[in-house]
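To start, the structure under review is shown below, and the notes come after it.
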Amino acid sequence: MTARSHWNGVRMRTVEAAADPDDTPRSVTLPADWDDTAAEAVARLAPGHGPASLPELAARWIDDLCAGEVSGPVIGPVARTLSCLLLMRQAAPGESLWHGHHDRRPAFVINLAAFVEADNSFMAHDFVAALRLLARVLRTLAHQKLHMRNGELPLPEPEGGAVAHLRAVALPTASETHERPTVAGALLLTNLDACLAGLGLDYDSEAGRDAACSIVALATLVAHAGEGADAMPLPPVRSILPGVSQIARSVWQEAAVETDQPAARVETGFSTPGPIDALLGVEACGLAPVFSPLRPDGRLAMSTLARLASRGLTLEAAFAATLAGESVLPLPAAASHQAMHRALSGFVDRVPARPDATRDTLATRAGLERGVRRHLPARHGGFTQKTRIGGHRLFLRTGEYADGSLGEISLTPTRESPMVRSLMDTLGQAVSIGLQYGAPLESYVEAFAYTQFGPAGTVEGDPVASYATSMLDYAFRALSDAYLGRRLPDAPHEETLAESPAPMLPLDLPGSGNDDGDDTPPRRRGLRLVG
């Protein structure tokens with residue numbers, strides 16, 4: 001019997017999905033309540049180009065993990081628990097285990113939001129039980145596959161004894177080896193902000209940071225169990241989550257004991273963006289905040305619904321408050337991301353790079369110096385604005401990143417000459433490339449606002465401006481209002497053709513036929529028809 005049987009009775013659906021928009025779609029079978037983003041992740045994880053089935057793909061790595069010392073009478077419970085953790089989207093292995101690459105350090109990704117109950121409480125007992133099982137699997141796997149890890153193999157001694165000119169180095173003793181136990185793998189936490197939303201807490205709040213510290217410290221305590229008293233971190237002084245402090249103290253007392261042979265080390269950290277997070281339905285990777293209240297398909301995210309419910313707001317009330325100009329769900333800033341990073345750094349083994357609060361969290365200006373371009377996702381937000389400038393129709397379209405920052409513009413004058421349309425389209429592409437490389441929008445607004453050339457005149461269809469000196473003047477003043485929060489005033493109205501003389505007629509004919517003093521009467525000119 002394999003782990004494939006543990007999926008019997010689960011309602012499935014088959015969709016066409018591809019790991020990349022340019023790839024040929026393949027049939028993917030997965031649970032019916034999982035979204036298309038998870039189907040794309042399965043298409044990326046499954047080898048080959050044929051149909052992919054999540055139960056068969058999961059049974060492959062589960063049977064592989066349970067084929068060693070874990071096998072025998074306990075293979076059923078272990079395999080069934082691993083299948084349930086994946087089915088409930090609580091935990092999944094890293095890409096190396098999905099592909100059977102044992103030459104790399106294994107890891108499991110744990111979705112924190114999946115351990116929140118409907119009554120806004122954290123399932124601490126289930127969380128501890130799941131982490132204990134995953135840590136046990138990682139240590140067993142390290143015992144079986146340690147010899148396969150490239151870069152961790154011991155160097156063989158030269159044959160015939162040490163070379164004369166080489167100084168002999170003493171090998172580490174058993175006690176020294178025990179002081180630095182082998183790293184078996186990692187438990188990577190993710191979706192922290194959605195977990196806090198389910199608990200009714202804001203990301204940018206002291207209560208949210210206290211709860212995050214309690215959860216992360218509990219995970220590190222469980223992961224370090226069996227490694228000796230020196231490896232056990234102290235839990236936080238206080239916790240606002242009911243029961244978590246008592247469970248953390250109990251875990252610490254059980255695990256903080258002296259041992260002659262410490263267990264292989266299991267480290268804790270946070271996940272990085274990849275298909276595993278998409279498979280688990282993660283809204284924000286690792287400890288990052290959720291920057292958008294919407295899902296990729298345009299519907300409200302689960303964290304948004306949870307935060308509205310914790311505030312006692314229905315969807316209708318939240319929509320009415322938004323129309324009235326109120327900020328119902330303020331988005332967290334980069335400073336809150338930095339504060340969360342600083343709070344959690346003492347309770348986890350590995351922390352990601354510290355976010356920079358002075359720059360945009362997703363599109364740093366350093367990308368322009370490094371030459372790194374950040375493309376827009378295949379499905380993104382934005383708006384389309386239809387206007388008339390001096391009677392000439394113009395469509396302004398924008399593309400936004402997940403955090404709402406501008407990454408693409410398109411300028412389409414519908415009834416101009418092909419040359420004008422091509423020039424406007426080329427300008428929009430050039431500005432879009434600059435934005436994706438990190439160029440500030442302020443520089444473009446400063447360069448193109450108030451440029452003067454025709455068509456110009458009254459603006460119809462957009463209250464951001466009543467008069468524009470050109471199509472570019474209107475477009476970049478509209479972008480300034482939408483993305484910089486700065487509305488620029490109209491330029492003084494000018495009649496551009498009022499003082500310009502007629503370019504052709506009347507012609508000022510010379511008084512004589514020659515300019516060298518000859519007074520010969522000029523030859524009378526006539527009109528000639530040109531076919």
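What follows is calculated from the coordinates using simple rules that are stated; it is not laboratory data. All values derive from a computational prediction rather than experimental measurement. In this analysis, Cβ positions are derived from the backbone assuming ideal geometry, glycine residues included, and neighbour counts consider all displayed protein chains.
Numbers for the structure displayed
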{"item": "Rh (Kirkwood; distinct C-alpha pairs) - the stretch 264-305, Å", "result": "11.8 Å"}
{"item": "For GLY243, residues with placed amide H under 5 Å, excluding near neighbours", "result": "none"}
{"item": "Contour minus Cα-Cα distance for THR2 and ARG311 (0.36 nm per residue)", "result": "106.6 nm"}
{"item": "Largest-first principal axis extents of the Cα set of the stretch 384-484 (Å)", "result": "35, 28, 22"}
{"item": "Under 11 Å, Cβ to Cβ, from ALA18 - net charge with Lys/Arg +1 and Asp/Glu -1", "result": "-4"}
{"item": "Separation of the VAL372 and SER205 label points, Cα + 7 Å toward Cβ, nm", "result": "3.3 nm"}
{"item": "Selected from ALA248, VAL282, ALA263, residue furthest toward positive end of dipole (the stretch 237-289; charges at beta carbon)", "result": "ALA248"}
{"item": "Inter-label distance for SER417 and ARG393, nm, one decimal - labels placed 7 Å from Cα along Cα-to-Cβ", "result": "2.1 nm"}
{"item": "In nm, spacing of pseudo-spin labels at ARG486 and ASP33 (7 Å Cα→C-beta vector)", "result": "4.8 nm"}
{"item": "Estimated FRET transfer efficiency (GLN253, LEU300; beta-carbon r; R0 30 Å; 0.05)", "result": "0.10"}
{"item": "About the Cα centre, charge dipole magnitude for the stretch 384-484 (Lys/Arg +1, Asp/Glu -1 at Cβ), debye", "result": "420 debye"}
{"item": "Zone residues, the stretch 182-215, relative to ARG350, backbone N less than 12 Å from point 7 Å out along Cα-to-Cβ", "result": "183-189"}
{"item": "Dipole of the stretch 384-484, positive direction: furthest Cα of VAL431, MET419, GLY399, with charges on the beta-carbon", "result": "MET419"}
